[in-house]
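Here the structure is laid out as structure tokens; the discussion comes afterwards.
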There are 2 protein chains.
Amino acid sequence: MITPPSPPIVILDRPQMAENIGAVARVMANFGLDQLRLVAPRDGWPQERAWATASGADWVLEGVRVFDTVADAIADLNTVFATTARPRETRQPVRTPREATRVLYDDRASGLQIGLLFGAERAGLETTDIALCQGIVTIPIDPRHQSLNLAQAVAINAYEWRTLVLDAPPPGFREGEPPAPGELQLGMYEHLEKELDAAGFFHPPEKFRSMSQNLRVMLGRAAFTAQEVATFRGVITALSKGRGRVLERLAKEKAAKG
Amino acid sequence: MITPPSPPIVILDRPQMAENIGAVARVMANFGLDQLRLVAPRDGWPQERAWATASGADWVLEGVRVFDTVADAIADLNTVFATTARPRETRQPVRTPREATRVLYDDRASGLQIGLLFGAERAGLETTDIALCQGIVTIPIDPRHQSLNLAQAVAINAYEWRTLVLDAPPPGFREGEPPAPGELQLGMYEHLEKELDAAGFFHPPEKFRSMSQNLRVMLGRAAFTAQEVATFRGVITALSKGRGRVLERLAKEKAAKG
């Protein structure tokens, strides 16, 4: 098992609402990120309301580091991407969250320190701060509705990180029970066909072949496990014998009454 | 320029907070989704507080349709994935948001109606409702902090949809007939359960729920077409009624001999 590179540090520039800081911490924890830095939070730090919305991701909030400027907050980082709408003109590389995550991942694996910078709720990032970064990440927002919530922006990037990390080690084993071996499946088909035949289902008789074929194909797609084959055979038996049993019981009841 | 397939319908089961419904609408609009259905919203509908958090995504809220049950809400949809943590044990296919999006995209491109089902804030989804879906989507959450905000869960899936649409891959066309709509599938399940119940299959009776659930899941995997649903209902009828018919015939033959 390879240890995946540690996740990017999240930097929030001048966040306004403590509730949003808590929501960011929550979603970082959801996707395995844990280092959060705040640049000049409007209402100071710590703020109780952040804990209320963090939904238990307290360790992220307790580890928060506060800085005066973006420059200070990213001083020890090698690769920082600024998350922002695609600028009208820029000389910096603009990447999707997926592309950016890949670059960050490789940089971190090479021993570099990595981070993701997010702007304030309404104001966004200053171009001077964007210029301090090594590139831009633009979330593919529909231009008809661009107002993306801060925690959502963090969520998308954090999700991409975790997805990449989980993809990294190729999982080599099948989960859950395998489909039943062919022998058991065939036994189930034959059981079904025998009972259907007894019930007069296959008419005219020359259609037996194509009808039974269709049944096998449609049931086969479900890839029953051995246990499920047994369950389905129970269904066949119940349906075909049960009716008789019910008739018997009714007859007995009638006899008892009469 | 190829017109991309229209996006999935989002279904929220028993949402509690109107603020969350608004946040869901907002993030749907961010990523180009616009059809929202609510199943039995706790505080009724419409709710002013939803508009406050939708941040201008009013057209999503104004188009909301309300239903009593999940079954009703997905009755006209062919492929619906339930977004939930990976169940401890399931026989339904479990996909990442990325994998699920690809399937939904191809299905929609083939003319099917597609949807994504999300559970209530705390309670999540009932297993009986999950069983009505064609598969499960599990967001790759860190097991140490699983509490994912509802709007975030929608955001991740909506983001994957938009990312795929922007990549504009040639849709992988689905071959053959589409799966039957939910309504037809449900009718088939209920028919099977009624006949099994009459045959005394569900014993002890308190096992009805789990036993019928298992049957729905294992048959659901086969994704029967409308034609196949009709065929399978014919199988159920033949097995349950046929036995009676055979007994009758035997009785007549005996009488004729005697």
Checklist entry - What whole-number value in cubic angstrom gives the convex hull volume per residue for the C-alpha atoms of chain B? => result 149 Å³
Checklist entry - Placing a label point 7 Å from Cα toward Cβ, how far apart in nm is B:Glu126 from its equivalents in the other copies, listed shortest first to one decimal? => result 5.6
Next on the checklist: Only bridges whose two residues both fall in chain B count here: according to DSSP, what percent of them are antiparallel, nearest 5?
Outcome noted: 10 percent
Checklist entry - Restricting to the protein assembly as shown, what percent of DSSP beta bridges are antiparallel, rounded to 5? => result 10 percent
Checklist entry - Is it possible to state the helix-based mean residue ellipticity at 222 nm for chain B, with each DSSP H run of 4+ residues giving -39500 (n - 2.57), the sum divided by total residues, to the nearest 500 deg cm²/dmol? What is it? => result -15500 deg cm²/dmol
Checklist entry - Which of the trypsin sites (Lys or Arg not before Pro) found in region B:94-139 are in a DSSP loop and have at most 10 neighbouring Cβ atoms, other than their own, within 10 Å? => result B:Arg122
Next on the checklist: Filter chain A for me: DSSP H helices, axial length by Cα at least 27 angstrom, mean Kyte-Doolittle hydropathy not below -0.5. List them by residue number.
Outcome noted: A:226-257
Checklist entry - Direction-averaged shadow area of the convex hull around the Cα atoms of region A:79-228, nm²? => result 16.4 nm²
Item to check | Copies compared at A:Gln35 - label distances in nm, ascending, label defined 7 Å from Cα in the Cβ direction | outcome: 4.5
Checklist entry - Once the mean 1/r over all distinct Cα pairs of region A:31-159 is inverted, what Kirkwood radius in angstroms do you read off? => result 15.6 Å
Item to check | Calculated SAXS-style log₁₀ I(q)/I(0) at q = 0.06, 0.10, 0.11 Å⁻¹ - the protein assembly as shown, Debye, Cα scatterers | outcome: -0.37, -0.84, -0.97
Checklist outcome for this item: Quick note on A:Trp51, B:Trp161, ordering by fewest other C-beta atoms within 10 Å, gives A:Trp51, B:Trp161
Checklist outcome for this item: Any GluC sites (Glu not before Pro) in region B:14-102 that lie in a DSSP loop and have at most 14 other Cβ atoms within 10 Å would be B:Glu89
Checklist entry - If we hang a label 7 Å off Cα along the beta carbon direction at A:Ser6, how far is it from the matching labels on the other copies, in nm, shortest first? => result 4.9
Next on the checklist: On a 21 Å Cα-Cα criterion, which of the cross-link pairs A:Lys194/A:Lys241; A:Lys252/B:Lys194; B:Lys194/B:Lys241 come out too long?
Outcome noted: A:Lys252/B:Lys194
Item to check | Sparse-neighbour loop sites [GluC sites (Glu not before Pro); region B:129-233; at most 14 other C-beta within 10 Å; DSSP] | outcome: B:Glu175
Checklist entry - Can you tell which of B:Ala54, B:Ala199, A:Pro5 lies farthest toward the positive end of the dipole of the protein assembly as shown, using +1 and -1 charges on the Cβ of basic and acidic side chains (Lys, Arg; Asp, Glu)? => result B:Ala199
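Every number in this text was worked out from the coordinates using simple rules, so none of it is lab data. In this text the structure is predicted, and so the values were computed from the model without any measurement. As a convention, Cβ positions derive from the backbone with ideal geometry for all residues, glycine included, and neighbour counts pool all protein chains shown.
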